[in-house]
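Structure record follows, encoded as structure tokens.
Every number in this text was worked out from the coordinates using simple rules, so none of it is lab data. This one's a predicted model, so the numbers in the text were calculated from it and none came from an experiment. Cβ: placed from backbone, ideal geometry, glycine included. Neighbour counts: every protein chain shown.
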Amino acid sequence: MAQLRIALAQTNPVVGDIAGNAETLVEWTRRAAGRGAHLVVFPEMFLTGYPAEDLVLRSSFAEASIATLSEVAARLAGEGLGDLPVVVGYLDRADLAPRVGQPKGAPLDAAAVLYRGKVVAKSAKHHLPNYGVFDEYRYFVRGDRLPIFRLHGVDVAVALCEDLWQEGGPVSVVAEAGAGLLVVPNGSPYETNKDDVRLELCARRAREAGCALAYVNMVGGQDELVFDGDSLVVDASGALVARASQFREELFVTDLELPEAAAEPGELGEPRHEAYDAHDGTVITVERVLLSAAPVEPYEPEPPVVAERLDDLAEIYQALVTGVRDYVRKNGFKSVILGLSGGIDSALTATIAADAIGPERVHTVLMPSRYSSDHSITDAEELVRRQGVHAQVVPIADIVSAFEKEIGLTGLAAENLQARVRGMLLMSLSNEHGHLVLTTGNKSELATGYSTLYGDSAGGYAPIKDVLKSVVWKLSEWRNAQPGRPPIPENSITKEPSAELRPDQRDTDSLPPYEVLDALLRDYVEGDMGRDELVAAGHDPELVTKVIRLVDLAEYKRRQYPPGPKITPKNFGRDRRLPITNRWRERL
């Protein structure tokens, strides 16, 4: 057996900041060298950030990625770090003639091995996901290579993200080709309970490959997506060896005992190529490269670390905080602003924002109308006192009256006018002071159309747009149960929800209890069930008819809603794409 110390760089790249990401690579490689690592692995598409979407189709962007890869390899050697191999994800291009249906420039979701100033091996993702939030057939062409480099007597294979999730392809030939370790750079977005699925997957693939597996995932927010880290190492039997933290950047170092390679290593720097059946109708070329043949001298290993797992609500909350923090930071905002009504949605949104960027950078506006209850104002003021966020009061009754003097509005139009006045005030303050406006709508409201275009839907980011109302309450109770003073007034959690746009209004005037509604929305929106399936699943037929109609008619509103962090298997945004102009209706 041979020893190997691997460093998994669970990092937070910024899409498009190729130079900045390269600086991070050098700095984290230096840290890995300081920890005595023999190998450092960065996430998928690290140099460019992920997902880069249509940027990958630009020649200038691809060329910058390729050039920076070679430059950073040379820089590592120039700074005395060249003997520490680095595996890093980047954007490459295949040498393919243009053809109809092929992404412009034939981009590759690639990984490279950097060693002694050179790019010594390359690979690219073989399986291109085209489901959920992924559009990779739009952006990439398929790779067909599995690099295996010998490092200190151990053969190390490299595969990319989706190649672990699908049958066949590079991972399917690892056992036959022979490797002591499989390293997998990932850009795997968070959704609830994915950590359990991820561990089981890694364990199964390690057993199939007959070798240890090191899975490194990025961390941080990118528009609607949140990456949770959760990097891990399993042995050849699939047993968990080490696991990194969730939602936190971390250089995760683990010592492994791995089998020494038996075959002749070949000549230094001269790759050997072998062809293998990938069991998916393709052929994978295994490229073998010798970096160092002799095992390292025996040393005392560090104890492996298995970070404590977050519970389900803590995990969701951290995902929301991460999404807000990185959207604010990466887009250069100094502060945020939101309307604070005293209700639970705005209370939770304000709390998430304060936890993400600090209360001193959170500005709230209390905008009471003629229908606002006394407790709504006092609850909002109490939250401000508890959290120390900025607050100002702008009564809107006279502003609404000024509109009403010029145009006659009744019913829903009059109610929506109040919401639009509030939206106008928030956007005006945003323009004046540079704040990012946070909207406060939840997924239940967005699903059923209970939001006002250019009113409560006006803003730049929507922290709880993928959180059902019943989960909003659970998250609020969870946050209040954490150490320290509860940030959310109890009355905001316990009182009956109301938009307060007309006298004595209650959400239950037009909607069922949220526990009932949310169960139906999960099945219809996230489960894609039709009407008959919903009724067969136990939902009330009359309610199914009503809710389907509400959801279908509100598609145009959701299309205009700001982005917000994805936490469920199917969010309103990248995940769920329905035509606005659409005459299909479930049989009602």
I need the peptides 118-125, 286-293 ranked by packing, meaning the mean over residues of other C-beta atoms within 10 angstrom, with the highest value on top. 118-125, 286-293
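I want the antiparallel fraction of DSSP beta bridges within the stretch 1-143, as a percent rounded to 5. Walk me through the numbers on the way to the answer.
On the way: 14 of 19 bridges.
In the stretch 1-143, DSSP labels about 75 percent of beta bridges as antiparallel.
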Of the options H152, S172, G132, report the single residue whose Cα projects farthest towards the positive end of the charge dipole of the stretch 130-180 (beta-carbon charges: Lys, Arg +1; Asp, Glu -1). H152
Amide H neighbours of I337 at under 5 Å, excluding residues fewer than 5 places away on the same chain, with H built from the backbone geometry, are H363, L436, V437, L438
Take every DSSP beta bridge with both residues inside the stretch 131-223 and express the antiparallel ones as a percent of the total, to the nearest 5. 30
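D398 to S59: FRET efficiency via 1/(1 + (r/R0)^6), r the Cβ-Cβ distance, R0 56 Å, to the nearest 0.05? Before the final figure, lay out the partial values.
On the way: r = 56 Å, r/R0 = 1.01.
Efficiency, from the Cβ-Cβ distance: 0.50.
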Label-point gap, in nm, between Q560 and R329 - each point 7 angstrom along Cα→Cβ: 3.4
How far, in degrees from 0 to 90, does helix 18-34 lean away from the longest principal axis of the Cα atoms of the chain, to the nearest 10? 60
quick shape note, the stretch 313-471: Cα extents on principal axes in Å, largest first -> 47, 32, 31
Estimate the FRET efficiency between R142 and L553 by the formula 1/(1 + (r/R0)^6), using the beta-carbon distance for r and 41 Å for R0, to the nearest 0.05. 0.50
Enumerate the calculated ³J(HN,Hα) couplings along the stretch 546-553 in order (Karplus 6.51 cos²θ - 1.76 cosθ + 1.60, θ = phi - 60°), each rounded to whole Hz, writing x wherever the residue is Gly or Pro. 5, 5, 4, 4, 4, 5, 5, 6
What number, rounded to the nearest 500 deg cm²/dmol, is the helix-based mean residue ellipticity at 222 nm of the chain, given -39500 (n - 2.57) per DSSP H run of at least four residues and division by all its residues? -10500 deg cm²/dmol
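Please report how many Lys pairs in the stretch 379-502 have alpha carbons closer than 18 angstrom, counting only residues at least 8 apart along the chain or sitting on separate chains. Don't jump to the answer; show the numbers that get you there.
On the way: K443/K465; K443/K469; K443/K474; K465/K474; K469/K495; K474/K495.
The number of close lysine pairs in the stretch 379-502 is 6.
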How large is the dipole of the stretch 324-474 about the Cα centre if only Lys and Arg carry +1 and Asp and Glu carry -1, each at its Cβ, rounded to the nearest 20 debye? 480
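What is the gain in length, in nm to one decimal, between Q482 and H273 on full extension, counting 0.36 nm per residue of separation less the C-alpha to C-alpha distance? Before the final figure, lay out each step's value.
Working: separation 209, 0.36 × 209 = 75.24 nm, distance 5.61 nm.
Here the answer is 69.6 nm.
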Most packed first (mean Cβ within 10 Å per residue), the peptides 314-323, 22-31 order as 314-323, 22-31
With x for Gly and Pro, the residue-by-residue ³J(HN,Hα) of the stretch 296-308, computed from phi through the Karplus equation 6.51 cos²θ - 1.76 cosθ + 1.60 at θ = phi - 60° and given in whole Hz, is 6, 4, x, 9, 7, x, 7, x, x, 10, 10, 5, 5
Show which lysines lie in cross-link reach of K125 when reach means a straight Cα distance below 19 angstrom and same-chain residues fewer than eight apart are skipped. K104
Starting with the highest mean, order 250-260, 85-95, 458-468 by the number of other Cβ atoms within 10 Å, averaged over the residues of each peptide. 458-468, 85-95, 250-260
7 Å from Cα along Cα→Cβ at both A74 and N193: what's the point-to-point distance in nm? 5.2
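Suppose R0 equals 60 Å. What FRET efficiency, 1/(1 + (r/R0)^6) with r the Cβ-Cβ distance, do L409 and R309 give to the nearest 0.05?
Values: r = 52 Å, r/R0 = 0.87.
It comes out at approximately 0.70.
Would you mind telling me the antiparallel percentage of the DSSP bridges in the chain, rounded to 5? Let's see the in-between values first.
Working: 45 of 78 bridges.
Percent antiparallel among DSSP bridges in the chain is about 60.
So what is the relative contact order of the stretch 190-345, in percent, for Cα pairs below 8 Å that sit 6 or more residues apart?
Computed value for the stretch 190-345: 22 percent relative contact order.
Classify the stretch 538-588: rounded, prolate or oblate, from the alpha-carbon gyration tensor (a ≥ b ≥ c, eigenvalue square roots; a/c under 1.5 rounded; otherwise prolate if a/b is larger than b/c)?
Details: a/c = 2.42, a/b = 1.49, b/c = 1.62.
Verdict is oblate for the stretch 538-588.
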Directionally averaged shadow of the stretch 147-210, computed from the convex hull of its alpha-carbon atoms, nm²: 4.4
Simple Cβ-charge dipole of the stretch 368-455, Lys/Arg +1 and Asp/Glu -1, about Cα centre, in debye nearest 20: 180
Using the Karplus equation 6.51 cos²θ - 1.76 cosθ + 1.60 (θ = phi - 60°), what ³J(HN,Hα) coupling, rounded to whole Hz, does each residue of the stretch 5-11 give in order, writing x for Gly and Pro? 9, 10, 10, 9, 8, 7, 10
Using modelled backbone amide H atoms (1.01 Å from N, in-plane), which distant-in-sequence or interchain residues come within less than 5 Å of F227's amide H? Y190, G220, G221, Q222
What length, rounded to one decimal in nm, is gained on full extension from E496 through to R585, with 0.36 nm per residue of separation minus their alpha-carbon distance? 28.8 nm
Long-range HN-HN contacts of M367 with modeled amide H, under 5 Å: L340, V394
Charge dipole (debye, nearest 20) of the chain; +1 at Cβ of Lys and Arg, -1 at Cβ of Asp and Glu: 1340
At 7 Å along Cα-to-Cβ for each site, give me the label-to-label distance between E432 and E542 in nm. 4.9
Output the 0 to 90 degree angle, nearest 10, between the alpha-carbon long axis of helix 411-433 and the longest principal axis computed from the alpha carbons of the chain. 50
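Determine the sum of side-chain charges near D523: Lys and Arg each +1, Asp and Glu each -1, restricted to other residues whose C-beta is under 13 angstrom from that of D523. If you can, show how the numbers build up before the last one.
Values: positive: R522, R531, K570; negative: D518, E526, D528, D532, E533, D540, E586.
Computed value for this residue: -4.
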In range of the label at L453: residues from the stretch 547-574 whose backbone nitrogen is under 16 Å from the point 7 Å along Cα→Cβ: 551-562
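What number comes out for the charge environment of V471, summing +1 per Lys or Arg and -1 per Asp or Glu over other residues with Cβ under 9 Å away? All intermediate terms of the calculation are to be shown ahead of the outcome.
On the way: positive: K443, K469, K474; negative: D518.
Taking every Cβ under 9 Å from that of V471, the sum is +2.
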Cβ-defined net charge surrounding T452, 11 Å radius [Lys, Arg +1; Asp, Glu -1]: 0
